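Presented below is the structure to which this report refers.
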Amino acid sequence: MLYARLMAVDRDHVLRTAAALLTRKSTATMDEVAKAAGISRATLHRHFAGRDALVRALEALGIAECEAALDAALLDEGTASEAVRRLVSEIQPAAGLLAFLYGESQLWEAGQDAGWQRLDTRIGALFVRGQQAGEFRIDLTPVWLTEALYGLIASCAWAMHDGRVAPKDFTHMVAELLLGGALRREES
């Protein structure tokens, strides 16, 4: 029992270390991941058979982090714009991991994971709510607004990594650019 608990803690440590490294250097090798985690390559391979298995585990972590952010953002409370701002704020700690996953084409080759579908459904419902309330433009589909949100999160995470955006500006930069394009304008 104790051994199983230690293995879970070690695996979580390795996964989070890999996430931190790959967010900074997406081309990092398994050797570099092992070194960063303070373990041997053999130990890393006991946890993850190869890079694909590691990326799939990171995908599961990213989905879990996003679901936690969606829960914490209380998407059904207040206006849809307020909910978007809360969501962006809650998702910021996972933004680097999401940026890495966003660029991993192997995740999208075999079709979409059910976890991403759950996220898309929840975020899309937020945009539908905003459209139904007359808050968001109706000429932009909820699917497109969801994709735009992911893209802005990834772009801002990369800009933060490069030092071009301060972490304290993340929520404002992402939410205001998205909402500035999504808000319904009065017709002249």
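The values are calculated or read from the model by the stated rules, or taken from the named source; none is laboratory data. Given the structure is predicted, the values throughout are model-derived calculations rather than measurements. Neighbour counts are summed over all protein chains in view; Cβ atoms, including those assigned to glycine, are modelled from backbone coordinates with ideal geometry. The protein model used for the area step is the full one, side chains on, heavy atoms only, and it has no ligands, DNA or RNA in it. Shrake-Rupley method; radii C 1.70, N 1.55, O 1.52, S 1.80 Å.
Using every Cα-Cα pair within the stretch 117-188, state what percent have a distance larger than 18 Å. Show your work: numbers first, answer last.
Details: 1112 of 2556 pairs.
Result for the distance tail: 44 percent.
Computed from label points 7 Å out along Cα-Cβ, the spacing between A148 and A125 is 2.2 nm. Across the chain, the mean sequence separation of Cα contacts (distance under 8 Å, 6 or more residues apart), normalised by length, yields a relative contact order of 20 percent. Only protein heavy atoms count here; under a 1.4 Å probe, K25 has an accessible surface of about 80 Å².
Take the Cα of A49, step 7 Å toward its Cβ, do the same at A68, and the gap between the two points is 2.8 nm.
Remark on the stretch 65-106: Rg and Dmax equal 11.6, 37 Å (Cα only).
Calculated on the Cα set of the stretch 38-179, radius of gyration then Dmax: 16.3, 56 Å. Summarising the label geometry, the points placed 7 Å from Cα in the beta-carbon direction at S26 and R118 lie 2.6 nm from one another.
Please get the size of the charge dipole for the chain, origin at its Cα centre, with Cβ charges of +1 on Lys and Arg and -1 on Asp and Glu, quoted in debye to the nearest 20. Kindly include the intermediate steps, with their values, before the conclusion.
Details: 20 positive and 25 negative charges, 135 e Å.
That gives a dipole near 640 debye.
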